[in-house]
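S.K.: So that we are looking at the same thing, I have put the structure below in structure tokens.
The values are calculated or read from the model by the stated rules, or taken from the named source; none is laboratory data. In this text the structure is predicted, and so the values were computed from the model without any measurement. All Cβ positions, glycine included, derive from the backbone under ideal geometry; neighbour counts span all protein chains shown. Only protein heavy atoms, including side chains, enter the accessible area calculation; ligands, DNA and RNA are left aside. Shrake-Rupley method; radii C 1.70, N 1.55, O 1.52, S 1.80 Å.
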Amino acid sequence: MTAYHRPGTLAEALALLAAAPAPPLLLAGGTDVYPARAGAAAWGRAPDARAVLDLSAIAGLASIEDRGDHHRIGAGVTWAGLRDAALPAWFDGLRAAAGKVGGAQVQNRGTLLGNLCNASPAADGVPPLLALDATVELAGVRGVRRLSLGAFILGNRRTALAADELAVALLVPKASAEAVAGFEKLGARAYLVISIVMVAAVLEAPGGRIARARLAVGACSEVAQRLPALEAALEGVAPAEAAQVVQPAHLAGLAPIGDVRATADYRQEAAVVLLRRLLARLAAPLRVAA
Amino acid sequence: MLVNGTARDVAAAPETRLSLVLRDALGLVGTKSGCDAGDCGACTVLLDGKQVCACLVPLAQAEGGAVLTVEGLAALSLGAALQRAFLAHGAAQCGFCTPGMLLAAMELLAVEPRPAVAAVEVALGGVLCRCTGYRKIIDAVCAAHSFLDAPAVVLPAAGAAVGARMPRADGQPKVDGAEVYGADAAPADALWLRPVRSPHAHARFTLGDCAPLYARHPGLVRVLTAADVPGRNGFGIYPDIKDQAVFAAGLVRYRGDTVCALVGERAAVEAIAVAELPIVWEVLPALADPGAALAPGAPALHDRWPDNVLTTGRLACGDVDAALAGAAHVAEGAWQTGFVEHAYIEPEAGWARRVGDRIEVHASTQAPYMDLEEVAGVLGIPQSAVRIVPTACGGGFGGKLDVAVQPMIAVAAWVLRRPVRAVWTRGESMASSTKRHPARITARAGCDAAGRLVGFEFEGVYDTGAYASWGPTVAGRVPAHSTGPYRMPHARSRARAVLTNNPPSGAFRGFGVPQAAIAQEALWDKLADAAGLDRLEFRVLNALRRGDATATGQVIAHSVGLVECLEALRPRWRELRAEAARANARGGLLRHGVGVACMWYGIGNTGMSNPSTMRVTLAPEGRLVFHNGAVDIGQGSTSVLLQVVADAVGLPVADFALVLGDTDLTADAGKTSASRQTFVSGRAALEAGLALRDAILLRANAGPEARLALEAGRLLVDGRAIALEAPLEGIGRFDPPTVPMDADGQGSPYATYGFAAQLAALAVDTELGTVRLDRIVAAHDVGRAINPMLVEGQIEGGIAQGIGLALLEEYLPGRTENLHDYLIPTIGDVPVIENILIEDPEPLGPYGAKGIGEPALVPTAPAIFSAIRDATGAEITRVPALPHRVLEALRT
Ligand SMILES: Cc1cc2nc3c(=O)[nH]c(=O)nc-3n(C[C@H](O)[C@H](O)[C@H](O)COP(=O)(O)OP(=O)(O)OC[C@H]3O[C@@H](n4cnc5c(N)ncnc54)[C@H](O)[C@@H]3O)c2cc1C
Ligand code: FES
Ligand code: FES
């Protein structure tokens, strides 16, 4: 039987991690970990013999806190917790994503941090958090470090997490009070579906002109990406005109793949459509506000 | 842990899945396992009031928590009400998803006792059901509150069973978790069997010395190989084609083929990595599709079929070339469909034990008597030495007509003289089991200036995979059905089943007919347009009518309700089209459309004997027993046959005890396939019931109208007590009359046909290629609906599978081998369904009934494609119509 630890404090967890002879399997909600085991079992791959470090009992990680200039989302926060939280409007995209991950059972157990650490190209949490300029807080016995989400996720299933570190929280800087946000997910069926493409946006348009647009696209590259060219092009544009600004060239930096869910060309094109629709949808409340 | 209100201590590794703890350590097997990956939701339980997939929760995380499982529902008033609602609404078919559905619904009902449909969909979105099409589940959850103090179900009175919306006779255990499926029970000392499967589509292999493996894993009892099979190392559907080995003898022909099996203590066999086995592979080039297999010089998969053509089915009547040359309008096209997985939520499972010189196999199956023959064959023992006891079956749809665990566990139990059990993982179930045949079809048809069909030409190449399985049946059934249910004076069809290194294609609801219907119905739309006729009226014009001859030369004298189906749809067709036109006039990126498609389906085997025998007995002490060997895989035969036999005898259904499908205790009812149980076994049940009634009347010297009753074990005839000295029995046997088809497909292949027409209303997103289904209207001629609720359940479930075939499902070996990547419809993907039941009685059937199982699925995909065509003009030729394919079609 493999060792299984379920520490109650972060200090304990970090000490266990530092003392571990080999990197343990970090376990949060298990919604990525256990399916991977089922896949391995089906083809008789060697069972995972790593010790388990279960993070779910660590005190103080399950809350979302307002810290003045930012919100702190703890590693224990589940999709359901996020989905049902009362948060400012710039979280609307992230919360919408939370309501579209898997089904209710997965939302009840799966964590946002687990989603990021698992680093799937189709992780629904990544585009909204990129659009929020979120930072990941990593802790280890050597100390705490903070990485922008872009610097944290390195590639398909690769992150900057060191062997003796845990991801403990996400820090989301506040946007201006009138910021609006949204998320669009395209999947082949209604529930329990991995995204073909998803897009997220946070718009700030005080005075009827877009002052800051933050947009990200997922499932169209190894890691979801922000769209700096499009963001720049949107600056100064009236929200109602924003959708027309989106051009395929703005997405030139993406490199979607073709797979069982869709062709590469389709993904590239659908991303443009989803961005336009999202911007058009977000323009409606902005227009009222202006 | 608090389980269903009781504190339970469990000694198990902290990382053990909660589902496993509940099932194995606590014996709460009502919680099901369908995938162990969060994809199916069958394991859904409440943990501290929240629905969770028990397969994803480590025991450590449930420690100190409160768990509610299906077994705990009855003690809660809301839980009991929900269970009653499920029974009354027919929300459970096979019942395998039911515990998960109930628990997911409980989470919602606790906060929203009278939920709206949308809220139900969100709450149940994470539980898959392959049988019901979800609509009755939604109804049941919405109505649960009204069952809070509802009285217990009232069963129909004597003589009133046929036609009643009676709750399933086998329903209670499906809602309380007591039902025993293949993985739910086995002797405590049973060994665990785990097959080793080929990761290669085509390869030779040698298995070296296993001694080191045994040394490393003391719990490993035996590595079973081809050399251990005592009888014939081969199985297959046809008596003369036993081409699939139980354990491959050095050559595997598809990814998923069985190399050998590990048998031993469960923990030991699960700890063994395949890489530890001394297998040396020589990978061979694989024939990936029929094109490669038919290419000149292609290597033969089996020596027996040098050109890789397993069978060719033909149909020829009249002079097609002349007819098409003289046609006013001709339409043609080419279509391609993919592999479709049955995706029953219950993976294959069972156990076997040797009892002296007999073997007993308990397994989830659709065909106990075929299992019996296979097991006898592979063990090399007489059939009388085999007993098959079907467990409850968590869905089959044709996939559990082929043996899976049965020969392996039988060999293991026989050789080792120990009980042996096996449960396939989802991945291996998907990799190893049979599939719907992918088809490549080209077809051409013509009509005269008035729109009357004059000729039809069809060429179908069906990828039958690595082994024969049901391939010959598919190739036989397709040409006979290829013209669709229309008058067709001149026709030429050919369907070939071609062997490839793909998973074996077998039987899947419709046996190849759904694929053909996609081609056929597309042509009618095109011809209707060319002739300037409404698409529905074109079908009315050409529909078969009573007394017409089919293209196989069969005159169908009775029960041809297709025109009635179309006429019943006509008002809805007009309304829905007007709605779509209004929506389209408003402009926008969504284009709305309505489609129509018809189908016919021959009930029972194609031109072959397929008898069924039913028996009903009445013992002197008044015990009335219905011996029914037909397996109910969720479709409802246990209930329907009971309703038939009850009215035939003239006693209420509540008086009957049931003895179900155990080959030692019941007679052969034939397999549960080809939509035959209601028709064939139903007629046998009718005869059995009438025979018993005759015996009773004779004994009582009473007239045919006499009223029977059983009161406290006493038989009353017209109120007069009749003492029986000896048991009375009624046996009924029925074999539908058919005439085998000749080389040109001429004959009377089926005794009766089901007919149907469906409408699909939908909207296509012209920028994304996504399709939103708004409504399906289904009109089915079922002869007589013995139980309308169950008939609707079959129709709705068939439609859901048709939606999957049309829009979602494509099995790709090595790529979509789980329910994460292989997408079947969820509760949010099946729209509102309107059912219209047409009853044009079939004189051969029980009370006029014929079958419904398969017919429901056939017209759905073509109706959806017809609607896409109507909305956008796009021609769907590559199935499933994934968004990128729809978009492509929109642009060509
Ligand atoms: C049926 C189903 C449907 C799904 N649908 C979606 C979907 O629609 N969209 C989507 O994006 N995802 C989906 N997922 C994936 C999954 O639910 C998410 O990725 C989830 O958020 C993972 O969180 P978890 O807490 O369950 O992580 P776990 O499975 O516990 O862990 C995931 C990975 O992250 C690591 N990890 C977890 N927490 C930490 C930490 N604090 N520090 C360092 N490493 C950590 C683990 O070691 C592991 O490698 C689905 C999963 C299932 C089973
Ligand atoms: S068994 Fe848990 S979700 Fe399928
Ligand atoms: S009843 Fe839902 S899977 Fe069979």
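S.K.: Compare the Cα positions of B:31, B:16, B:64 along the charge dipole of the range B:2-71 (+1 at Cβ of Lys, Arg; -1 at Cβ of Asp, Glu; about the Cα centre) and return the one farthest towards the positive end.
M.R.: Highest projection toward the positive end goes to B:31.
S.K.: Using 1/(1 + (r/R0)^6) with R0 = 41 angstrom and r between the beta carbons of residue B:312 and residue B:586, what's the FRET efficiency to the nearest 0.05?
M.R.: Computed FRET efficiency for residue B:312 and residue B:586 comes out at 0.20.
S.K.: Tell me, what is the per residue accessible area of chain B in Å², probe radius 1.4 Å? Each step should come with its number before you reach the end.
M.R.: Values: 27420 Å² over 892 residues.
For chain B, the per-residue accessible area is 31 Å².
S.K.: When the accessible area of the range A:180-289 is computed with all protein chains present and a 1.4 Å probe, what percentage of it is carbon and sulfur?
M.R.: Of all accessible area on the range A:180-289, carbon and sulfur atoms account for 57 percent.
S.K.: Give the Kirkwood hydrodynamic radius (Å, one decimal) of the range A:121-227, defined as one over the mean of 1/r across all pairs of different Cα atoms.
M.R.: Its Kirkwood hydrodynamic radius stands at 15.0 Å.
S.K.: OK, next. Amide H of residue A:174 versus every other amide H placed in the peptide plane: which residues, excluding those fewer than 5 positions away on the same chain, fall under 5 Å?
M.R.: Long-range HN contacts for residue A:174: A:70, A:71.
S.K.: Follow-up question, since we're still on this one. First select every other residue whose beta carbon is under 13 angstrom from the beta carbon of residue A:98; then total the charges, Lys and Arg +1, Asp and Glu -1. Before the final figure, lay out the partial values.
M.R.: Details: positive: A:83, A:95, A:100, A:109, A:185; negative: A:84, A:92, A:124.
Its environment carries a net charge of +2.
S.K.: What average number of partner chain Cβ atoms lie no more than 10 Å from the Cβ of the residues making up B:45-55?
M.R.: 4
S.K.: Work out, step by step, the length gained on full extension between residue A:222 and residue A:177: first 0.36 nm times the residue separation, then minus their alpha carbon distance; give nm to one decimal.
M.R.: Working: separation 45, 0.36 × 45 = 16.20 nm, distance 3.28 nm.
So the chain would gain 12.9 nm between residue A:222 and residue A:177.
S.K.: Restricting the count to DSSP beta bridges whose residues both fall in the protein assembly as shown, what percent are antiparallel, rounded to a multiple of 5?
M.R.: 80
S.K.: If you average over every viewing direction, what projected area does the convex hull of the Cα atoms of the range A:1-55 give, in nm²?
M.R.: Values: hull surface 16.2 nm².
Computing the convex hull of the Cα atoms and averaging its projections yields 4.0 nm².
S.K.: Ordered by residue, what ³J(HN,Hα) values in Hz, to whole numbers, does the range B:531-544 give under the Karplus form 6.51 cos²θ - 1.76 cosθ + 1.60, where θ = phi - 60° and Gly and Pro are x?
M.R.: 7, x, 10, 4, 5, 6, 5, 4, 6, 4, 4, 9, 4, 5
S.K.: Which value, in Å³ per residue, describes the convex hull spanned by the Cα atoms of the protein assembly as shown? All intermediate terms of the calculation are to be shown ahead of the outcome.
M.R.: On the way: hull volume 204.7 nm³, N = 1182.
It is 173 Å³ per residue.
S.K.: Also: Give the accessible area for residue A:32 in Å² (nearest 10); use a 1.4 Å probe, count only protein heavy atoms, and leave out ligands, DNA and RNA.
M.R.: 70
S.K.: Let a ≥ b ≥ c be the square roots of the eigenvalues of the Cα gyration tensor of the range A:180-289; is it rounded (a/c under 1.5), or, if not, prolate (a/b larger than b/c) or oblate?
M.R.: Working: a/c = 2.50, a/b = 1.70, b/c = 1.47.
Prolate, because a/c is 1.5 or more and a/b exceeds b/c.
S.K.: Okay, moving on. Per DSSP H run of at least 4 residues, take -39500 (n - 2.57); add these up for the protein assembly as shown, divide by its residues and hand me the 222 nm value, nearest 500 deg cm²/dmol.
M.R.: Working: 33 runs with 333 residues, N = 1182.
Rounded to the nearest 500, it is -8500 deg cm²/dmol.
S.K.: Still on this model: Can you give the accessible area buried between chains B and A, summed over both chains, with a 1.4 Å probe, in Å² to the nearest 100?
M.R.: 4400
S.K.: Which far-off residues, 5 or more places away or on another chain, put their amide H under 5 Å from the one on residue B:811, with H placed in the peptide plane?
M.R.: Here the answer is B:339, B:340, B:341, since their amide H atoms fall under 5 Å of that of residue B:811.
S.K.: Ok, one more. In a shell of Cβ-Cβ distance under 10 Å around residue A:214, excluding residue A:214 itself, what net charge do Lys and Arg (+1) and Asp and Glu (-1) give?
M.R.: -1
S.K.: Hey, got a sec? Which trypsin sites (Lys or Arg not before Pro) in the range B:380-437 land in a DSSP loop and have at most 16 other Cβ atoms within 10 Å?
M.R.: Here the sparse-neighbourhood loop sites are B:417.
S.K.: Separate question: Just to be sure I understand: with springs between alpha-carbon atoms less than 10 Å apart, which residue in A:49, A:163, A:75 has the highest mean-square fluctuation in the Gaussian network model of chain A?
M.R.: A:49
S.K.: Okay, moving on. Compute a Gaussian network model of chain A, connecting alpha carbons closer than 10 Å, and tell me which residue from A:248, A:47, A:173 fluctuates the most.
M.R.: Result: A:47 has the largest fluctuation of those listed.
S.K.: For residue A:49 and residue A:22, compute 0.36 nm times the residue count separating them, minus their Cα-Cα distance, and round to one decimal in nm.
M.R.: Value of the extension gain: 8.7 nm.
S.K.: Would you mind computing, in nm to one decimal, how far apart the modelled labels at residue A:252 and residue A:2 are, each placed 7 Å from Cα along Cα→Cβ?
M.R.: Computed distance between label sites residue A:252 and residue A:2 equals 4.6 nm.
S.K.: Compute the FRET efficiency between residue B:145 and residue B:7 as 1/(1 + (r/R0)^6), taking r as their Cβ-Cβ distance and R0 = 30 Å, and round to the nearest 0.05.
M.R.: That pair, residue B:145 with residue B:7, gives E of 0.45.
S.K.: What list of ³J(HN,Hα) couplings, whole Hz, do you get for the range B:280-290 from phi and the Karplus terms 6.51, -1.76, 1.60, once you set θ to phi - 60° and write x for glycine and proline?
M.R.: Residue by residue, the range B:280-290 yields 10, 9, 10, 6, 10, x, 10, 8, 7, 7, x Hz.
S.K.: Counting only DSSP beta bridges with both residues in chain A, tell me the antiparallel percent, nearest 5.
M.R.: Working: 39 of 44 bridges.
So the antiparallel bridges in chain A amount to around 90 percent.
S.K.: Still on this structure: Among residues other than residue B:628 whose Cβ falls under 12 Å from its Cβ, what is the net charge (Lys/Arg +1, Asp/Glu -1)?
M.R.: Working: positive: B:615; negative: B:170, B:632, B:662, B:668.
Net of charged neighbours comes to -3.
S.K.: Checking the table A:185/B:526; A:100/B:136; A:185/B:435; B:32/B:850; B:50/B:435; A:100/B:435 against a 29 Å threshold on Cα-Cα, which pairs fail?
M.R.: Those over the limit are A:185/B:526; A:185/B:435; B:32/B:850; B:50/B:435; A:100/B:435.
S.K.: Another one. Let a ≥ b ≥ c be the square roots of the eigenvalues of the Cα gyration tensor of the range B:235-284; is it rounded (a/c under 1.5), or, if not, prolate (a/b larger than b/c) or oblate?
M.R.: It is oblate, given that a/c is not under 1.5 and a/b is not larger than b/c.
S.K.: Under the Karplus relation 6.51 cos²θ - 1.76 cosθ + 1.60, θ = phi - 60°, what is the ordered set of whole-Hz ³J(HN,Hα) values for the range B:355-366, x standing for Gly and Pro?
M.R.: 10, x, 9, 10, 10, 10, 10, 9, 7, 7, 8, 9
S.K.: Let me ask something else about it. Residue A:174: which aspartates and glutamates have alpha carbons under 18 Å from its alpha carbon, excluding same-chain residues fewer than 8 sequence positions away?
M.R.: A:65, A:66, A:69, A:92, A:133, A:137, A:204
S.K.: Just check the range B:73-153 against the gyration tensor rule for me: Cα atoms, a ≥ b ≥ c as the square roots of the eigenvalues, rounded for a/c under 1.5, and otherwise prolate or oblate depending on whether a/b exceeds b/c.
M.R.: In terms of gyration-tensor shape, oblate.
S.K.: In Å and on Cα atoms, what radius of gyration and Dmax does the range B:2-71 show?
M.R.: Just the Cα atoms of the range B:2-71 yield Rg and Dmax of 10.5, 29 Å.
S.K.: Moving on. For residue B:333, enumerate residues with amide H under 5 Å from its amide H, sequence gap 5+ or separate chain, H modeled in the peptide plane.
M.R.: B:443
S.K.: List the trypsin sites (Lys or Arg not before Pro) within the range A:136-244 that fall in a DSSP loop (any state other than H, G, I, E or B) and whose Cβ has at most 16 other Cβ atoms within 10 Å.
M.R.: Taking the range A:136-244 and a limit of 16 other Cβ atoms within 10 Å, the loop trypsin sites (Lys or Arg not before Pro) found are A:142, A:157, A:174, A:209.
S.K.: In chain B, which longest range has no GluC sites (Glu not before Pro) that are both DSSP loop (not H, G, I, E or B) and surrounded by at most 15 other Cβ atoms within 10 Å?
M.R.: Details: sites that count: B:63, B:265, B:621, B:705, B:725.
Between the exposed loop sites, the longest stretch runs B:266-620.
S.K.: Now for a different question. What spacing in nm lies between the two simple spin-label points modelled at residue B:701 and residue B:75, each 7 Å away from Cα in the Cβ direction?
M.R.: With each label point 7 Å from Cα toward Cβ, the separation is 5.9 nm.
S.K.: Determine the gain in length on full extension of the stretch residue B:216-residue B:118; use 0.36 nm per residue of separation and subtract their C-alpha separation, reporting nm with one decimal.
M.R.: Contour length minus Cα-Cα distance gives 29.8 nm.
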